[in-house]
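Peer 1: Below is the structure I would like to discuss, written out as structure tokens.
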């Protein structure tokens, strides 16, 4: 009898006690307002196609980034202006303008402006966004990602 009473009391306590709050709605990773129109989201949504890639890139920054202090062009540009420039450069590159010429004239990364290419692998010491896009590009394909340094227009060479 005592065990039955204890069981009944426990059941009543659970039924009448504080109920756990409903689970919180999932926090969206990014909202539509945060999705830059300059980024090639379709390419980033793919599975990686390579474990190693050689890429070249053009870096375009804007004044709100910490790295803009070192680059006069970025220090004068808003993010919206950077997006427009990136969209224009991407269109030029896809239309056949020499990527190397665009790098030399526009990249705010000194190495890239000088023609340097990067070897990319999952463990390369590069920002994650750069690696993610680079390993999803097919050879010859060009895409755009965004990192804490700005927009990266990346062309996979090999």
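The values are calculated or read from the model by the stated rules, or taken from the named source; none is laboratory data. Remember, predicted model here, so these are calculated numbers, not experimental data. Here the Cβ is made from the backbone with ideal geometry for all residues, glycine too, and neighbour counts use every protein chain on show.
Peer 1: Run residue 53 past the list (1) over 20 Å from residue 135 (Cβ atoms); (2) touching a helix residue (DSSP H, G or I) at 6+ places or on another chain (Cβ under 8 Å); (3) in contact (Cβ under 8 Å) with a residue 60 or more places away in the chain and report the number of the one that doesn't hold.
Peer 2: Every listed condition holds for residue 53 apart from (1).
Peer 1: Looking at the structure I just gave you, is residue 158 at pLDDT 95 or above and either in contact with a strand residue (DSSP E or B) (Cβ under 6 Å, 6 or more places away or on another chain) or under 18 Å from residue 61 (Cα atoms) (or both)?
Peer 2: no
Peer 1: State the number of residues belonging to the stretch 76-89 that are farther than 20 Å from residue 34 by Cα and surrounded by 14 or more Cβ atoms within 10 Å (Cβ to Cβ).
Peer 2: 1
Peer 1: If you check residue 104 against the conditions, is it surrounded by 13 or more Cβ atoms within 10 Å (Cβ to Cβ), closer than 18 Å to residue 116 by Cβ, touching a helix residue (DSSP H, G or I) at 6+ places or on another chain (Cβ under 7 Å) and without any contact (Cβ under 8 Å) to a residue 12 or more places away in the chain? Steps first, please.
Peer 2: On the way: surrounded by 13 or more Cβ atoms within 10 Å (Cβ to Cβ): yes; closer than 18 Å to residue 116 by Cβ: yes; touching a helix residue (DSSP H, G or I) at 6+ places or on another chain (Cβ under 7 Å): yes; without any contact (Cβ under 8 Å) to a residue 12 or more places away in the chain: yes.
Yes, satisfied.
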